[in-house]
1. Evaluate 2.2 N^0.38 Å with N set to the residue count of the chain, then give the Cα radius of gyration divided by it.
2. On a 0 to 90° scale, report how tilted helix 5-27 is relative to the longest principal axis of the chain, with both axes built from alpha carbons and the result rounded to the nearest 10.
3. Sum up the charges of everything whose Cβ sits under 14 Å from the Cβ of Val60, counting Lys and Arg as +1 and Asp and Glu as -1, but leave Val60 out.
4. Give me the distance in nm between label points sitting 7 Å out from Cα along the Cα-to-Cβ direction at Val14 and Tyr44, one decimal.
Amino acid sequence: MRTPPRSLMAAVAVPLALTAAAAVLKAGHWRLYADRHRIHLTPYPRRSCPACRGAGGWWVDGPFPEMEACGCWSERRELRIRLLPVPARPDETPF
């Protein structure tokens, strides 16, 4: 029995689309997290950034030292897409 050309094209297209999406996310310096409730894209520091050299920031001296984030990733917003609502726990009332 021969496989229809459409199913063969779909079998080839899905891995190709996943590979292309992974390349785009890596080139744009995005980290992807996905589960059945959400898709979450977060930026991460560029290794070629001249200011932080991929560390994501630097320490500021003073009486209370803290890390100052570099603009190569901190000024970009996170993207969240909700897919399914998170179910309520069985011991909690629904309202």
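1. Working: Rg = 21.1 Å, N = 95, 2.2 N^0.38 = 12.4 Å.
Its radius of gyration relative to the 2.2 N^0.38 Å reference: 1.70.
2. The answer is roughly 0 degrees.
3. Details: positive: none; negative: Asp61, Glu66, Glu68.
Here the charged neighbours net out to -3.
4. Output for this residue pair reads 2.6 nm.
Every read-out reported here was derived from the displayed coordinates using simple, explicitly stated rules and does not represent laboratory data. Note that the coordinates shown come from a computational prediction; the quantities given were computed from them, not determined experimentally. Note that we place each Cβ from the backbone using ideal geometry, even for glycine, and neighbour counts take in every protein chain shown.
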